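To start, the structure under review is shown below, and the notes come after it.
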Amino acid sequence: MLPRVILHNQASLDGRLDWLQADLGLFYGIVSLFEEDATLTGCDTIFAAYGEQECVEDIEDKEREANDKLPLLVVTDSKGRLSNWQRLRREEYWRDVVALCSNSTPPAFLDHLSDIHVDAIVTGNGQVDLRRALWELNSRYGVEVVRVDSGGALNGALLRAGLVDEVSLLISPTVVGGLSPRSLFRAPDLETVDGLLHLELQRMEQLDGGVVWLHYYAVK
Ligand SMILES: NC(=O)c1ccc[n+]([C@@H]2O[C@H](COP(=O)([O-])OP(=O)(O)OC[C@H]3O[C@@H](n4cnc5c(N)ncnc54)[C@H](OP(=O)(O)O)[C@@H]3O)[C@@H](O)[C@H]2O)c1
């Protein structure tokens, strides 16, 4: 079975993710409604959140009490770029971390994950086969709801793979403009109308600071 995939983002009115001053209280207040079993993100979002200089593996992996109520943190990293797995594992938000890798992931990186007891799902040629990886998350860990915490690249890949079930969007009252591809969904242009993701509006609310929350279900 595939888990339900919920994309939750904050963007400008023109759908850009840069120059935002997100209200984290609003953003994560809504997250709690989704009752996610796993948070799916990519290594560039981790770099953006933690800074590349801090992405250095700690020497000691301190034990902490497992809390089964917390979601898993699942990170795509087919090139073996991330090196702060133990730090992520110790964060209070997740019960553990899982890496999504592919057949092009350097074997030394997979060995390292194994040494530090980080589970890896290895699937796909080149980049991670996201459909298969989601299926494995359900079958190995019982994950039924995945919240995606990512930017345009991973959102776009999930969109084109037909894996998006819900879109939750906080629209900030700002317009950014620009030519660089910093949009909510970065993916190859469609060739036919068949690739459109049709949505059904579930909820629309005005929140603090002029932020509008739109929550859609995908019509499949
Ligand atoms: N405003 C918001 O709500 C919000 C939320 C989260 C993040 N962000 C921002 O978004 C930016 C990063 O977003 P991002 O999406 O570029 O980075 P990301 O979330 O790190 O996603 C990139 C990851 O997706 C994988 N990927 C990309 N295309 C794929 C495909 N076709 N198949 C399989 N895997 C694929 C990449 O794989 P490889 O490992 O193979 O490269 C990489 O690991 C940051 O600036 C972050 O701050 C904004």
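Every number here is computed from the coordinates shown, using simple stated rules; none is lab data. Here the structure is a predicted model, which means the values were calculated and not measured. Here the Cβ is made from the backbone with ideal geometry for all residues, glycine too, and neighbour counts use every protein chain on show.
Volume per residue for the chain equals 137 cubic angstrom (convex hull of Cα atoms). When the charge dipole of the range 42-143 is built from unit charges on Cβ atoms (+1 for Lys and Arg, -1 for Asp and Glu) and taken about the Cα centre, the candidate among Gln86, Ala108, Val98 whose Cα reaches farthest toward its positive end is Val98.
Among beta bridges from DSSP that stay inside the chain, the antiparallel ones total about 35%. Using C-alpha pairs under 8 Å with a sequence gap of at least 6, the mean separation divided by the residue count of the range 137-220 gives a relative contact order of 34 percent. The listed peptides 164-173, 26-35, ordered by packing as a protection proxy, come out as 164-173, 26-35 (highest mean of other Cβ atoms within 10 Å first). Each Lys and Arg adds +1 at its Cβ and each Asp and Glu adds -1 at its Cβ; summed about the Cα centre, the chain shows a dipole of about 460 debye.
Per-residue 3J(HN,Hα) values for the range 208-220, derived from phi via the Karplus relation 6.51 cos²θ - 1.76 cosθ + 1.60 with θ = phi - 60°, read 4, x, x, 6, 10, 9, 10, 10, 10, 9, 6, 9, 10 Hz in sequence order (x marks Gly and Pro).
Subtracting the Cα-Cα distance of Asn103 and Ser32 from 0.36 nm times their residue separation leaves 22.1 nm of extension gain. Contact order for the range 42-143, expressed relative to its length and based on alpha carbon pairs under 8 Å spaced 6+ residues apart, stands at 23 percent. For Glu144, the amide hydrogen comes within under 5 Å of the amide hydrogens of Asp37, counting only partners 5 or more places away or on other chains and with H modelled in the peptide plane.
Taking the C-alpha atoms only, the angle from helix 130-141 to the longest principal axis of the chain is near 60 degrees.
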